[in-house]
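Worksheet for the structure shown next.
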Amino acid sequence: TGEVIAEIRDGQWAQGALKKVIKTHLKQFETMDDAYLRERALDIKDLGQRVLAHLQSQPNQLREYPEQTILIADEITPAALAEVPEGCLAGVISGIGSANSHAAIVARALGVPTVLGVEGLAKNDLDGKELIVDGYYGQIYISPSKDVMDEYQNLMMEERELDESLQKLRELPASTPDGQRMQLNVNIGLAQDAGAAFTVGAEG
């Protein structure tokens, strides 16, 4: 904020000042050696675009999100994920991104299958089509056959059954076969991870 204000005081108009500061920060993040920090460039860019929309008084585009929405974009941001009503997001497909991206971390915390870094992503061609997003193998099935649909329905049912069987262990104490008691804690990076951690029996 201080940098943008300084640019305005030097004679820049607000939008130009914002763009100059954001571009400077983007360059700094994009040249970082650490892959995790490099991915934060997208967060900076998204922030800049959102502030710019307010400066230009652009109204937010209202979208309808049906149940079982699969979000598809060249770049997915955490803010875009947050716009989808709770319980409607079934999958995420992005042309750019990696497992270290902020959006990938949020999607993981939400338990949403995600495929990132899809080259030649034709978003408009996928609109309204039935899709399967396989986050385990990084695959997307467009207009899948009945056999493929049945196979994935079975896999989803098996995963639900596994989750339910593990729920029975949730309240049991964390101890070794010889009776040594341990405290089970979870290393979290996001607030939404905390809620998920305690629902699966973490103690801290």
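The values are calculated or read from the model by the stated rules, or taken from the named source; none is laboratory data. These numbers come from a predicted model, not from an experiment. Here the Cβ positions follow ideal geometry from the backbone for every residue, glycine too, while neighbour counts run over all protein chains shown. The area values use the complete protein model at the heavy-atom level, side chains included, leaving out ligands, DNA and RNA. Shrake-Rupley method; radii C 1.70, N 1.55, O 1.52, S 1.80 Å.
Miscellaneous remarks
- In the context of the full set of protein chains, residues of the chain present 70 Å² of accessible surface per residue (probe radius 1.4 Å, heavy atoms only).
- Listed peptides 27-36, 86-95, 162-171 by packing density, highest first (mean Cβ within 10 Å): 86-95, 27-36, 162-171
- Sulfur and carbon atoms: percent of accessible area, the range 36-156 [1.4 Å]: 51
- Between Ala99 and Lys23, the distance separating the two model label sites (each 7 Å from Cα on the Cα→Cβ line) works out to 3.5 nm.
- As a length-normalised measure over Cα pairs under 8 Å and 6 or more apart, the relative contact order of the range 4-55 settles at 33 percent.
- Beta bridges by DSSP in the chain, antiparallel share as percent, to the nearest 5: 40
- Whole-Å distance, taken between Cα centres, linking the range 87-166 and the range 9-76: 25
- Reachable lysines from Lys23, criterion Cα separation under 30 angstrom, eight or more residues apart if same chain: Lys45, Lys123
- In plain terms, the C-alpha convex hull of the range 28-165 casts an average shadow of 10.2 nm² when viewed from every direction.
- For the chain, the longest principal axis of the Cα atoms and the long axis of helix 14-30 meet at an angle of about 50 degrees.
- In the range 39-130, taking the dipole from charged Cβ atoms about the Cα centre, the farthest positive-side position among Ile70, Leu52, Ala107 is held by Leu52.
- Over the chain, Cα pairs under 8 Å with separation of 6+ residues give a relative contact order of 11 percent.
- Shown is the FRET efficiency for Leu55 and Glu130, computed with R0 = 45 Å from the Cβ-Cβ distance and rounded to the nearest 0.05: 0.70.
- The range 116-175, relative contact order in percent, only Cα pairs under 8 angstrom and at least six apart counted: 19
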